[in-house]
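Just so it is clear, none of the values below were taken in a lab; they were calculated from the coordinates. Not measured: the values here are computed from a predicted model. Note that each Cβ is placed from the backbone with ideal geometry, even for glycine, and that neighbours are counted across all protein chains shown.
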Amino acid sequence: MLRFDLIMSKITIIGDGGWGTALALLLHSKGEDVVLWSAFPEYAKYLAKIRENSKFLKGVELPKDFRVTSDDSVAKGSECAIFVAPCEYLRPVAERFSGASFKCIISATKGIENGSLKRPSEILPEYFPKSSVSVLSGPSISYEVANKVPTSVVIASVDNCGKDAQKLLMTDRFRVYTSGDVVGVELGGALKNVIAIAAGISDGLGFGTNTKAALLTRGLAEITRLGVKAGADAATFRGLSGLGDLATTCISKQSRNRWFGEEIGKGRKPEIIMASTELAVEGVATCESANDLSKKYGIEMPITQKVYEVIYKGKSPASAVKELMTREPKMEDYE
């Protein structure tokens, strides 16, 4: 089995969003040799000067010795890279670093690529065939992690990279569990964003706790259904990367996907909402891939399908709700 010693090695965080910044701050607080990479030179300079990621992690101070750069050569000599780029940009970002010799890559990207229907852990080996890839997921609001609110997540791998990444990331406020179910952990982290959009639509329409509880429960059932078809363990979806992440993203006021859905529920058009924000709303692209996967595997994902129709086909939220509630009566299933 491969074995890595990531402690005190050079670590490059690739992606300057809230989650990437929070992870970089976590590692910096442990005294690790970490640098945060931004795709945008001007914003990297801004971060270095202002010492606050005001776009994506407002109100959290960046220490004076916290390093930020847009120089691709920063990856030279890095033993470990943590990719936190949005899934739709992961491929071109990975290509920029394809000459690097990372021993261990941690994917903290949540999504499913449109068209290819590949997960991030399937994309990254195309550019880093000699690197070991693990997947980090779970209920982890960036602002809370950056402010050292107790958080538990899970990292999945098929080799010892996951255990070494666990050791690297663990603190007394950030607990990391390991898993061997890469497919389940990754799909749970991606698909929950689609259900969170549905939960946000419910909020925007003024519905209550009954509705959201139903969306979480039935949403988890269809996530599990798809995951099992794709080769995941059903039990994974009852864990941190499944139910845990789903509940957090559907409930939290800081959830981008829930916020996006809420704006739709209030009457705004999806394309107008997306044009008005620089935040990554991963569930928008993911719901297209999830809809395609449901067809590929021949399974029912009614909530996902309605979210897709609302975003891409112009269906009104009210019509989507009515169609969900008036589906053919059936016995409750759990996956």
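Things to note:
- Cα long-axis angle, helix 256-265 against the chain (0 to 90 degrees, to the nearest 10): 30 degrees
- The separation of segment 294-335 from segment 105-121, counted between C-alpha centres, amounts to 24 Å.
- Only helices enter this figure: runs of n ≥ 4 DSSP H residues, each worth -39500 (n - 2.57), summed and divided by the residues of the chain, yield -14500 deg cm²/dmol at 222 nm to the nearest 500.
- Taking the number of Cβ atoms within 10 Å of each Cβ as an exposure proxy, the fewest-first ranking of 286, 224, 171 is 171, 224, 286.
- Alpha carbon centroid spacing (whole Å) that separates segment 151-181 from segment 12-69: 22 Å
- Helix 302-312 axis versus longest C-alpha principal axis of the chain: approximately 80°, rounded to the nearest ten.
- Label point distance in nm, residue 334-residue 40, each placed 7 Å from Cα along Cα→Cβ: 4.6 nm
- Other residues lying with their Cβ under 13 Å from the Cβ of residue 93 contribute a combined charge of -4, Lys and Arg counting +1, Asp and Glu -1.
- If you run the Gaussian network model on the chain, springs between alpha carbon atoms under 10 Å, then out of 239, 162, 115 the most flexible one is 115.
- Checking every one of the trypsin sites (Lys or Arg not before Pro) in segment 142-191 against DSSP loop status and a limit of 13 other Cβ atoms within 10 Å picks out no site at all.
- With N counted as the residues of the chain, its alpha-carbon radius of gyration over 2.2 N^0.38 Å works out to 0.96.
- Rounded to 10°, Cα long-axis angle of helix 209-229 versus longest principal axis of the chain: 70 degrees
- Considering only 261, 111, 59, the mean-square fluctuation computed in a Gaussian network model of the chain, springs between alpha carbons under 10 angstrom, is largest for 59.
- Average projected area [Cα convex hull, segment 183-325], square nanometres: 7.5 nm²
- Seen through its C-alpha gyration tensor, with square-root eigenvalues sorted a ≥ b ≥ c, segment 257-333 comes out oblate because a/c lies at 1.5 or above while a/b is not bigger than b/c.
- Within segment 240-299, the trypsin sites (Lys or Arg not before Pro) that combine a DSSP coil assignment with at most 10 other C-beta atoms in a 10 angstrom radius are 253.
- 3J(HN,Hα) along segment 82-91: 10, 8, 10, 6, x, 4, 5, 10, 4, 4 Hz, from the Karplus curve 6.51 cos²θ - 1.76 cosθ + 1.60 with θ = phi - 60°, whole Hz, x for Gly and Pro.
- Choice from 195, 50, 141 showing the highest fluctuation, given a GNM over the chain with Cα pairs closer than 10 Å: 50
- Taking all C-alpha pairs of segment 166-242, those more than 22 Å from each other amount to 37 percent.
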